[in-house]
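*Asks:* Got a structure for you, written out below as structure tokens; questions coming shortly.
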């Protein structure tokens, strides 16, 4: 089973621009991506549709981590997920180049809040992404306990080339 993510160039650029903004005290920004999901055979395709940044006032002042979301950030994301009924992906960036990794803090916090999304949309998968400037790493929860990596990332741009027999 392979999970892949395909995102438009415009949406990815908007996410990166938001995550690069400065915050008054948090060292990094975080947000949520709403996505559709499709399964073909054993393969899973995740199609991001929209992005919701965590509001400035929803960060907690915690100098021990890059960014800590408060309960209002989680509540807003859960409400958005419930209204949309979509896959919800938490996203942040570690900057730099190359494939990033999830930190120990990322993993510890994801285990706490990603399963909550199954309370409002149990029919969907949910997960997390960490971006660098040129790559990504992702983890998808198929249910509260079953996880798998997102192994393929595709940025879909404006170029279109038609090919075939005619």
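*Asks:* Angle between the Cα long axis of helix 9-19 and the longest principal axis of the chain, 0 to 90 degrees, nearest 10?
*Replies:* For 9-19 against the chain, the angle is about 10 degrees.
*Asks:* Counting each DSSP H run of 4 or more residues in the chain as -39500 (n - 2.57), what helix-only mean residue ellipticity at 222 nm follows after dividing by all residues, to the nearest 500 deg cm²/dmol?
*Replies:* Values: 4 runs with 39 residues, N = 166.
It lands at -7000 deg cm²/dmol.
*Asks:* Using the count of nearby Cβ atoms within 10 Å as a rough guide to exposure, how do 8, 93 rank from fewest to most?
*Replies:* 8, 93
*Asks:* Okay, next question. Please state, as a whole number in µm²/s, the translational diffusion coefficient that the Stokes-Einstein equation yields for the chain at 10 °C and 1.306 mPa s, with Rh defined as the Kirkwood radius across alpha carbon pairs.
*Replies:* Answer, rounded: 97 µm²/s.
*Asks:* Give the percent of DSSP beta bridges with both residues in segment 3-146 that are antiparallel, rounded to the nearest 5.
*Replies:* About 75 percent, rounded to the nearest 5.
*Asks:* Sticking with this one: At 0.36 nm per residue, and after removing the present C-alpha to C-alpha distance, how many nm does the segment from residue 9 to residue 47 gain when stretched out fully?
*Replies:* Difference between extended and current length: 12.5 nm.
*Asks:* Right, next: How far, in degrees from 0 to 90, does helix 104-113 lean away from the longest principal axis of the Cα atoms of the chain, to the nearest 10?
*Replies:* 90 degrees
*Asks:* Please tell me the relative contact order of segment 3-146 in percent, rounded to the nearest whole number, where contacts are Cα pairs under 8 Å and at least six residues apart.
*Replies:* Numbers: 262 pairs, mean separation 30.9, N = 144.
Rounded, it is 21 percent for segment 3-146.
*Asks:* How far apart, in nm, are the 7 Å Cα→Cβ label points at residue 83 and residue 158?
*Replies:* 3.0 nm
*Asks:* Please arrange 52, 1 by counting, for each residue, the other beta carbons lying within 10 Å of its beta carbon, fewest first. Intermediate results must be reported in sequence, preceding the final value.
*Replies:* Numbers: 52 18, 1 10.
Arranged by neighbour count, lowest to highest, 52, 1 become 1, 52.
*Asks:* Place a point 7 Å from Cα of residue 135 in the direction of its Cβ. Which residues in segment 55-94 have their backbone N less than 14 Å from it?
*Replies:* 94
Only the coordinates and a few stated rules stand behind these numbers; no lab work does. From a predicted model like this one, the values you see are computed outputs, not experimental measurements. So basically every Cβ, Gly included, is an ideal-geometry build from the backbone, and we count neighbours across all protein chains shown.
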